[in-house]
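These notes are about the structure you will find just below.
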Amino acid sequence: MMKKYTAYMHFLFAVLLMLSSCAKDHGNYEYTKLNDVKIDSISDFSLMKFDSLKISPEVNQSESGHILSYEWKIYSPKTGKTKTLSKEKNLAVVITEEPITDAYELLFKVTDQTTGISEFKSFNLKVITPYSEGWMVLNRKGNDVDIDMVNPAGKVFSDVYKLSNGNAIPDGANRVYTYYGQQEQKVFVQTASDLLQLKGNDFIQIQNYNSLFYEQPSPGKPELYFLKNGGDREFIINDGLLYVMATNVPPPTRFGARIPGDYKAANFMAVGSKYPGIIYDEKNGGFLSLPANKSELTAFPLVEGAAFDMNKINKTLVFMQPAPVLDHFYALFKDPRNQSFHFYTINSNGTNPAVKYQPMANVPDIGRASTFTIASTLPLIYYAVDQKIYVYDVEMNAARKVYEIPDAAAHIVALRMLKGALVAGVNEGAEGALYYFDLAPTGNVSSNTKKISGLGNIIDMVYKPQ
Amino acid sequence: MSLEINKTMKITAAMCLAIGAMMLSSCVKDKLIMYKDEAHLYIEKVASDVSKDSTSYSFAVKKAEILQDTVYVKVRIMGKAANSPREIILEPSGKSTAIAGQHYKLLPYVMPADSFKMSLPVVVLRSPDLEKKEVFLELNVVASKDFMPGITKQLGYKIKINDFFSKPDNWDQRLAVFFGVFSEVKFAFIFKTLGMSTFAYPEQVPYSQMTYLKIKLKNALAEDEKINGLMMDEFGNRVTFPN
């Protein structure tokens with residue numbers, strides 16, 4: 001009897017426990033609608049350092065009379081640091097942030113003091129310099145060589161190197177480069193014995209030849225700085241010898257000793273996935289390749305269907321640049337024996353790298369050409385002789401004159417392509433100017449749209465994207 | 001009948017007691033356990049350290065006037081630091097071929113007060129016979145009046161001493177990628193060309209610099225071959241560096 005009773009008690013207790021979990025919660029909660037704060041979207045901005053930034057944001061709340069507090073913060077992707085700009089509703093500050101390649105992130109925070117709930121809106125701010133983007137024109141005024149920057153609006157900023165570094169480029173300079181490395185934009189100025197790396201935004205010198213190397217080449221005679229944009233190897237040709245720096249390895253990275261071998265590299269290079277480092281060896285008259293992760297140059301294999309033997313060109317390389325076809329490069333050679341010119345197409349990523357060869361016919365005055373450039377989409381090569389511009393049509397194997405600057409004393413020193421247009425750096429006496437040309441679908445010059453004067457005597461130029 | 005009830009109740013009561021006791025036991029405050037054992041001493045082994053349990057010392061990469069040098073053996077104590085200096089004894093094992101006084105010298109070792117680790121200097125001596133043969137010294141931590149030997153597997157430290165170009169400890173795992181197969185002739189050439197005999201890659205010498213050193217060696221070897229012909233090592237193989 002008693003045993004049964006105990007069992008009942010146990011059972012009842014268990015049931016009670018179970019039931020208690022089903023009890024309905026009759027809590028006396030009060031639900032009130034919270035004040036709903038809304039911020040209208042804020043557009044992105046692009047400003048120069050020391051420009052003022054004024055924003056009057058539209059802030060609405062569903063309940064009136066709530067006190068709101070405000071906060072504006074700026075986050076730098078470079079330093080990873082956040083700074084408060086203002087605690088006012090309307091932002092009015094002078095931007096003192098350094099110009100960097102990436103945009104800063106701005107955050108506007110509105111807090112309802114009654115509820116403590118915050119609402120956020122973020123937008124981007126790009127801090128640029130007057131010369132973040134445009135033509136970097138290396139030019140000489142009197143004895144000084146410096147960089148003039150011509151921005152996309154056509155405004156000229158003179159002597160920007162001196163402005164940032166306090167003096168003109170030491171020992172003059174003969175070439176400017178700009179590339180995108182793996183991380184950042186790289187800008188270089190090449191002098192007879194030095195290679196200066198400059199900060200992309202303000203051209204402050206950050207490295208020189210000595211600091212680029214573990215052991216600086218002797219004699220220091222830089223002839224080319226080359227990398228494929230975004231590529232993981234960078235190259236220097238110094239006095240005909242090749243130096244390489246891999247950038248896909250743990251930092252720090254620097255250039256080392258010269259790539260071994262008996263060769264003399266011309267100051268042009270081609271880079272593709274299959275052949276990630278092609279030079280032309282003037283000593284032995286053939287192309288050579290530096291395979292990935294290797295330190296010895298190799299000759300090219302003879303492939304069936306090759307238009308020519310990559311290893312036996314036996315001419316002087318005059319010009320080589322990327323062609324309008326992916327991974328292809330156009331190369332112009334001069335045969336010193338008879339002064340004839342020869343056209344080659346190589347594919348830096350092809351099983352057969354030797355794509356096309358033809359002796360060039362009907363190329364007036366090409367032996368006196370001062371500069372070359374390749375059209376963006378058509379198989380055309382522009383070249384300039386004195387004040388005249390010619391275009392060599394690869395398919396037609398002939399060149400035609402497409403423009404002539406009226407001033408017979410003018411001298412075109414640089415031809416460059418920019419977004420389908422042709423831009424010429426022209427010296428007229430001691431002064432330099434940029435001529436902008438629109439091109440017809442045939443490759444002819446349809447019009448001379450713009451002339452920017454007021455530059456020094458032009459030596460070299462390159463377009464620097466932002 | 002009542003006997004049976006009694007039994008059930010007893011069991012229930014016992015169970016309740018047991019559960020209650022278990023619950024209560026979880027509330028006892030844990031006392032900190034202090035090290036009360038005797039002080040012990042053992043060789044410190046840091047996983048990333050290439051010479052954690054042994055090292056090679058070669059006089060070949062030192063100037064001729066260097067007649068003695070020091071190798072350090074890192075030791076650590078188990079237990080608390082003491083407020084007075086404590087004696088440490090290292091003893092060569094029976095396997096050692098190095099002769100005390102000729103190839104090495106041990107010093108009196110003392111763990112200073114308030115210290116729990118230190119490096120013990122072992123003097124290595126440039127004996128002429130080291131040019132021909134390598135000697136081996138195994139030192140063991142033995143009981144002293146202040147310390148008992150500590151972790152059993154970390155009581156010995158091996159030192160190889162020679163006066164020729166012996167293989168650096170990290171050659172096979174780290175350096176072979178850049179320098180290739182080891183030979184004394186090659187290592188002597190590396191030392192002559194670079195003036196370096198240790199390459200702490202990747203800890204101190206980055207990849208980029210190792211590549212530079214490799215290419216520098218390739219160029220130097222090519223120059224040397226122009227004058228002296230092919231360089232052959234002690235195994236009769238041509239000395240080369242990887243591509």
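Taking only the range A:146-157 into account, find how many residues are in a strand (DSSP E or B) and over 28 Å from A:Lys228 (Cβ atoms).
Within the range A:146-157, residues that are in a strand (DSSP E or B) and over 28 Å from A:Lys228 (Cβ atoms) number 3.
Determine whether the range A:78-88 contains at least one residue that is modelled with pLDDT under 90, of a type outside the set (Ser, Thr, Tyr), on the phi < 0 side of the Ramachandran plot and surrounded by fewer than 11 Cβ atoms within 10 Å (Cβ to Cβ). Can you show your working first?
Restricting attention to the range A:78-88, the residues satisfying the condition of being modelled with pLDDT under 90 are A:78-80.
Subset that is of a type outside the set (Ser, Thr, Tyr): A:78, A:80.
Filter once more, so that each one left must be on the phi < 0 side of the Ramachandran plot: A:78.
Pick out the ones that are also surrounded by fewer than 11 Cβ atoms within 10 Å (Cβ to Cβ) and you get none.
Among the residues of the range A:78-88, not one is modelled with pLDDT under 90, of a type outside the set (Ser, Thr, Tyr), on the phi < 0 side of the Ramachandran plot and surrounded by fewer than 11 Cβ atoms within 10 Å (Cβ to Cβ), which makes the answer no.
Give the range A:340-349 a look and list any residue that's of a type in the set (Gly, Ala, Ser) and over 17 Å from A:Leu290 (Cβ atoms), or say none. Before the answer, list the steps.
Of the range A:340-349, the ones of a type in the set (Gly, Ala, Ser) are A:340, A:348.
Across the range A:340-349, the qualifying residue is only A:Ser340.
Would you point out the residue of the range A:200-245, among those that are basic (Lys, Arg) and more than 14 Å from A:Tyr177 (Cβ to Cβ), that is nearest to the chain's Cα centre (by Cα)?
A:Arg233
Do you know which residues across the range B:113-127 are small (Gly, Ala, Ser), closer than 23 Å to B:His103 by Cβ and assigned to a loop (DSSP other than H, G, I, E, B)? Break it down stepwise before answering.
To start, the set of residues in the range B:113-127 that are small (Gly, Ala, Ser) comprises B:113, B:115, B:119, B:127.
Filter again for closer than 23 Å to B:His103 by Cβ, leaving B:119, B:127.
Hit for the range B:113-127 is B:Ser127, nothing else.
Taking B:Ser144, is it among the hydroxyl-bearing types (Ser, Thr, Tyr), more than 14 Å from every other protein chain (Cβ to nearest Cβ) and surrounded by 16 or more Cβ atoms within 10 Å (Cβ to Cβ)?
Considered against the rule, which asks whether it is among the hydroxyl-bearing types (Ser, Thr, Tyr), more than 14 Å from every other protein chain (Cβ to nearest Cβ) and surrounded by 16 or more Cβ atoms within 10 Å (Cβ to Cβ), B:Ser144 comes out as yes.
Counting just the residues of the range A:255-269 that are aromatic (Phe, Trp, Tyr) and under 23 Å from the mean Cα position of the chain (by Cα), which one comes out nearest to the other protein chains (Cβ to nearest Cβ)?
Among them, the one singled out is A:Phe255.
Looking at the range A:158-181, can you tell me whether even one residue there is part of a loop (DSSP other than H, G, I, E, B) and within 30 Å of B:Glu223 (Cβ to Cβ)?
no
Test A:Glu133 against the criterion of being modelled with pLDDT under 95, over 13 Å from A:Phe203 (Cα atoms) and either in contact with a Phe, Trp or Tyr (Cβ under 9 Å, 6 or more places away or on another chain) or buried (at least 17 other Cβ atoms within 10 Å of the Cβ) (or both), and give yes or no.
Criteria not met by A:Glu133.
Name the one entry in A:Gly272, A:Gly231 that is away from chain B (no Cβ under 13 Å), closer than 19 Å to B:Tyr207 by Cβ and at pLDDT below 95.
Unique residue meeting the criteria: A:Gly231.
Of all residues in the range A:239-254, which are facing chain B (nearest Cβ under 8 Å) and out of contact with any Gly (no Cβ under 8 Å at 6 or more places or on another chain)?
A:Ala246, A:Val249, A:Pro250, A:Pro251, A:Pro252, A:Thr253, A:Arg254
Which one of these is β-branched (Val, Ile, Thr) and modelled with pLDDT under 90: B:Thr70, B:Thr55?
B:Thr55
Look at A:Ile74 and say whether it is touching a Phe, Trp or Tyr at 6+ places or on another chain (Cβ under 7 Å) and part of a loop (DSSP other than H, G, I, E, B).
no
Enumerate the pairs (first residue in the range A:295-324 and of a type in the set (D, E, K, R); second residue anywhere and surrounded by fewer than 17 Cβ atoms within 10 Å (Cβ to Cβ) and not in a strand (DSSP E or B)) with beta-carbon separation below 6 Å, excluding pairs fewer than 6 apart on the same chain, so at least 6 apart or on different chains.
Going by the 6 Å Cβ cut-off, the qualifying pairs are A:Glu296/B:Asn243.
The values are calculated or read from the model by the stated rules, or taken from the named source; none is laboratory data. Please read these numbers as outputs of a predicted model, since none were measured by experiment. Note: ideal-geometry Cβ built from the backbone for every residue, glycine included; neighbour counts use all protein chains shown.
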